[in-house]
Amino acid sequence: MAGHPGTQATATILEALRKRHSARVAYDAERRPSAQDIGLILEAARWAPTAHNMQNFEIVVIDDQSLLETFGSMESEVSEAFLRENYEQMSFSEEELLRKKVGVLASMFPPTWRSLAEITSGQTAADAHRSLGDTLQQAPVVLLVVYDGRLRAPASEGDVLGKISLGCVLENIWLMAEALGISCQVISAFSSEQVERHVKSLIDLPEHLRIAFACRLGYALTVTASQLRVRREVEDFTHHNRFGQKGLG
Ligand SMILES: Cc1cc2nc3c(=O)[nH]c(=O)nc-3n(C[C@H](O)[C@H](O)[C@H](O)COP(=O)(O)O)c2cc1C
């Protein structure tokens, strides 16, 4: 690689990709990302690739304190199906997660979500309401990324391509936030039926638009670098010419 013209650029890109992480910690409520930085994040979103260049999204920047507090007072329902599938993907120790290389640590979730007996009894689902306030943790800014299903990629069944495009928007937002030293956590709960309905009415979101996901942005109060992040190895998911054929050499 030495002397390769792309060395510096590739190293920078890889470092940015590796550093991007979910900052699921409290953010400093008093320290809001500047308007200039939010502008850069939106500019990054603007250049996201979208299927057929349909640009099938809108972004609502929420920094109004009382609106954020109202969001924080909402609760999202947690289904038994989610709890069961979530349980399947949990690792109960760092060693287990390092071995599996997929999924997340059980310690991210409340104790009742980590007990199969409680989940199967149905009691957990009956009690499980997730407070958005617990997730938002006083984030000073929330971006709501909104999906416009009318801008469907041509002949894309179920607009799968359009939904993939939203993932590209997500990644661009996240990488720019990371580059600016701004913490980010994706929050899917904003697209749950109950929360979405409430939020839509609060921000006058037209009926045809759907909330795809939210990003909470801010400055983490505690360092998140110590959190264990795992990935499969490249050779685990790479196949050469024929599925199952390993090794590129
Ligand atoms: C489409 C999508 C939805 C996600 N939803 C949530 C979410 O609701 N809450 C959360 O804490 N993280 C969410 N994440 C973050 C993933 O859990 C996270 O990226 C993954 O565990 C890898 O961790 P890392 O971001 O630190 O690399 C989401 C990520 C994506 C791409």
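The values are calculated or read from the model by the stated rules, or taken from the named source; none is laboratory data. The structure presented is a predicted model; accordingly, all values stated were derived computationally and were not measured. Reconstructed Cβ throughout: ideal geometry from the backbone, glycine too, with neighbour counts over all protein chains shown. Each accessible area value is taken on the protein alone, full model and side chains, heavy atoms only, with ligands, DNA and RNA left out. Shrake-Rupley method; radii C 1.70, N 1.55, O 1.52, S 1.80 Å.
Restricting attention to the stretch 150-196, the residues that are closer than 25 Å to Val25 by Cβ and in contact with a helix residue (DSSP H, G or I) (Cβ under 8 Å, 6 or more places away or on another chain) total 18.
Only one entry in Arg32, Arg24 is basic (Lys, Arg) and modelled with pLDDT of 95 or more, namely Arg32.
So which residues in the stretch 85-99 are surrounded by fewer than 14 Cβ atoms within 10 Å (Cβ to Cβ), out of contact with any Leu (no Cβ under 7 Å at 6 or more places or on another chain) and not in a loop (DSSP other than H, G, I, E, B), if there are any at all? Across the stretch 85-99, the qualifying residues are Glu85, Glu88, Gln89, Glu95, Glu96, Leu98, Arg99.
Yes/no per residue for (1) in contact (Cβ under 8 Å) with a residue 40 or more places away in the chain; (2) away from the ligand (no atom under 16 Å from the Cβ); (3) surrounded by 12 or more Cβ atoms within 10 Å (Cβ to Cβ):
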site: Gln8; (1), (2), (3): no, yes, no
site: Arg20; (1), (2), (3): yes, no, yes
site: Ala26; (1), (2), (3): yes, no, yes
site: Ala29; (1), (2), (3): yes, yes, yes
site: Pro33; (1), (2), (3): yes, yes, yes
site: Leu40; (1), (2), (3): yes, yes, yes
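Can you confirm whether Ala212 is of a type in the set (Gly, Ala, Ser), in contact with a strand residue (DSSP E or B) (Cβ under 7 Å, 6 or more places away or on another chain) and within 12 Å of the ligand (Cβ to nearest atom)? Judged against the criteria, Ala212 is a match.
Output the number of residues of the stretch 57-67 satisfying the condition of being under 18 Å from the mean Cα position of the chain (by Cα) and either within 14 Å of the ligand (Cβ to nearest atom) or open to solvent by less than 60 Å² (accessible area, probe 1.4 Å) (or both). The total comes to 5.
Just checking, does the stretch 167-183 include any residue being without any contact (Cβ under 8 Å) to a residue 24 or more places away in the chain and farther than 22 Å from Leu40 by Cα? No, the conditions are met nowhere in the stretch 167-183. If you go through the stretch 138-157 and keep only what is closer than 22 Å to Leu67 by Cα and either open to solvent by 50 Å² or more (accessible area, probe 1.4 Å) or of a type in the set (Asp, Glu) (or both), you end up with just Gln138.
Exactly one residue among Val160, Val186, Val169 is within 12 Å of the ligand (Cβ to nearest atom) and either open to solvent by 70 Å² or more (accessible area, probe 1.4 Å) or in a strand (DSSP E or B) (or both), and that residue is Val186.
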